[in-house]
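The values are calculated or read from the model by the stated rules, or taken from the named source; none is laboratory data. Because the structure is a prediction, the values reported are computed rather than measured. Positions of Cβ are generated from backbone atoms using ideal geometry, with glycine treated the same way; all protein chains shown enter the neighbour counts. All accessible areas refer to the heavy atoms of the entire protein, side chains included, with ligands and DNA or RNA removed. Shrake-Rupley method; radii C 1.70, N 1.55, O 1.52, S 1.80 Å.
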Amino acid sequence: MMLQGQASTTDLRPCKNGQYRTLMAILGGALALLILTTIPLSFPLLNYSLLLLKTSLESPAAAASAAFRPQIFTSGNLSILSALPCDLAIGDWIPNPNPNAALPYTNDTCWAIHDHLNCLKYGRPDAGFLRWRWRPEGCELPAFNPAQFLELMRHKAFAFVGDNIARNQVQSLICLLSKLEYPIDVSPSRDEHFKKWKYMSYNFTLAFLWTTHLVKSKESTTGGVFNLYLDEFDEAWTSQIAGFDYLMISSGQWFLHPMYYYENSQVIGCHDCFLNNVTELGIYHGYRKAFRTAFKAILSSESYKGITYLRTFSPAHFENGLWNEGGNCLRTEPFRSKDSALEGMNLELYMTQMEEFRRAEREGRKNGFKLRLLDTTQAMWLRPDGHPSKYGHWPKGNGSLYNDCVHWCLPGPIDIWSDFLLHMLKMEGIRSAQERVQYAHQTELNQR
């Protein structure tokens, strides 16, 4: 969804003087470049997902009109031309054209990296996995700009809700912002599952709220088996979202554990429990119901009226065995999109999320709630080289430690999630304006 492509389409009037035409083209391009570089700091723009737009608009004609007809939206004295469609979620990893460029941070310069993600510290021999960048199909994605992000977050509060991977994402963001400022820890307790930081120069609050399954859950005393209460909110996080301007929710790998499903305080089935008297409902049933309940908690909240992002499923890359059977992730380069497609369980979990997101988006729109999709699944599926593997710890003598093909090295491919997020934040203004136009148009049609 890049605006840059618009600059080159300026139609100059016929002119006998070729030099004059050339000069005007240069001046026009320079003016467009000036506008496009100043807009991000002066106007919050839109995340424009073509996939979701096509599926969420009810009229094919309206979809075609909204997706392919440029529209002008005005804020004060600033007119903004909406971008042509660009789906950030689809693309390929390409070698960084400047492979010797300094990294935005390292394991030496950022204190926020937890040891099990600190791949360079623990001896990962190759650094090539750091020299790739994501190129969406049909556009360019600008690198993360910490100054732009913090300016957009001035006087705001952003909470990331989720599990280990959500915490992985928060640590990545803190490290990317560290070029400008480190936050002050203002957490209400020493509980590492619920953290809050303050960027004092920007009055920006960043928070992490822990939840394994998004809904109320309890681990059995024997460990590794969970009771999921699919119709009950996880109040550990839902009780804390009041006053936040943004939420990012996510969940995934914890659903691979054996689980008993409860509704109305009664067992209704399970996943991998292998009991004759309990119905095997499978992983997707619990995954769907958990997201439905999480969205219900957000949409029914009286104290939270912010913008909610769903960050899509983050796939693991175990090869030659499961995590507890010697599986590993030893690749040193990304997959190419033409050579490797999302399939099987990863695809089903992703599609389940998408279906529940679209359902919640339709419901939320009725009451003015804004839901957005941070679709990172395809990009991360193509990065089997980005996990710690055995480089999240020192070797353990004769003992055995599991290889980590779930979390992401820092620095590493997960840093691209902040590129996605900043782009979406900058595009939010146009997205909101387009939604108002679509809603007004649909209302008019319904009244005829």
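Worth pointing out:
- Gain upon complete extension [R135, E151; 0.36 nm per residue less C-alpha separation]: 3.2 nm
- Heavy-atom accessible area order for F194, F233, largest first, 1.4 Å probe: F233, F194
- For region 190-253, applying the loop criterion from DSSP together with a ceiling of 16 other beta carbons within 10 Å to the GluC sites (Glu not before Pro) yields E192.
- In this calculation the C-beta distance from Y182 to T279 is compared with R0 = 41 Å, giving a FRET efficiency of 0.20.
- Beta bridges per DSSP with both ends in region 262-397, % antiparallel, nearest 5: 35 percent
- Peptides 416-429, 253-266 ranked from most to least packed, by the mean per-residue count of other Cβ atoms within 10 Å: 416-429, 253-266.
- The GluC sites (Glu not before Pro) of region 288-353 that DSSP puts in a loop, and whose beta carbon has at most 16 other beta carbons within 10 Å, are E302, E325, E343.
- Under 26 Å from K390, Cα to Cα: lysines that are on another chain or at least 8 residues apart: K121
- Hull shadow area, averaged, region 205-320 [alpha-carbon convex hull, nm²]: 8.8 nm²
- Accessible-area value, K366, 1.4 Å probe, nucleic acids and ligands omitted, Å²: 140 Å²
- Only protein atoms count toward the accessible area here, which uses a 1.4 Å probe; on region 269-383, the carbon and sulfur part of that area reaches 47 percent.
- Vicinal HN-Hα couplings computed from phi for region 236-253 (Karplus, 6.51 cos²θ - 1.76 cosθ + 1.60; Hz; Gly/Pro x): 4, 10, 5, 7, 10, 8, 4, x, 6, 8, 9, 10, 10, 10, 6, 5, x, 5
- Taking all Cα-Cα distances within region 238-289, those exceeding 16 Å account for 52%.
- Averaged over its residues, region 83-123 has an accessible area of 49 Å² per residue, based on protein heavy atoms and a 1.4 Å probe.
- Sorting R288, R336 by accessible area puts them as R336, R288; the probe is 1.4 Å, largest comes first, and only protein heavy atoms count.
- Sequence-distant residues sharing a close amide H with V161 (under 5 Å, placed H): L209, M248, I249, S250
- Quarter of Cα convex hull surface for region 156-243, i.e. mean projection, nm²: 6.6 nm²
- Note that region 251-359 presents 50 Å² accessible area per residue, ligands and nucleic acids not counted, probe 1.4 Å.
- The C-alpha radius of gyration of region 90-218, expressed as a fraction of 2.2 N^0.38 Å, stands at 1.18.
- Among the protein heavy atoms, those of L445 account for about 60 Å² of accessible surface (1.4 Å probe, every chain in place).
- Pairwise FRET efficiency - T106 versus E343, Cβ, R0 = 30 Å, nearest 0.05: 0.30
- Protein heavy-atom surface of region 166-264, 1.4 angstrom probe: 49% of the accessible area is carbon and sulfur, with nucleic acids and ligands not counted.
- Per-pair calculated FRET efficiency, R0 = 56 Å: H393 and D245 via Cβ, rounded to 0.05: 0.90
- Calculation over all alpha carbon pairs of region 281-376 in 10 angstrom steps from 0 returns a P(r) of 13, 36, 28, 17, 6 percent.
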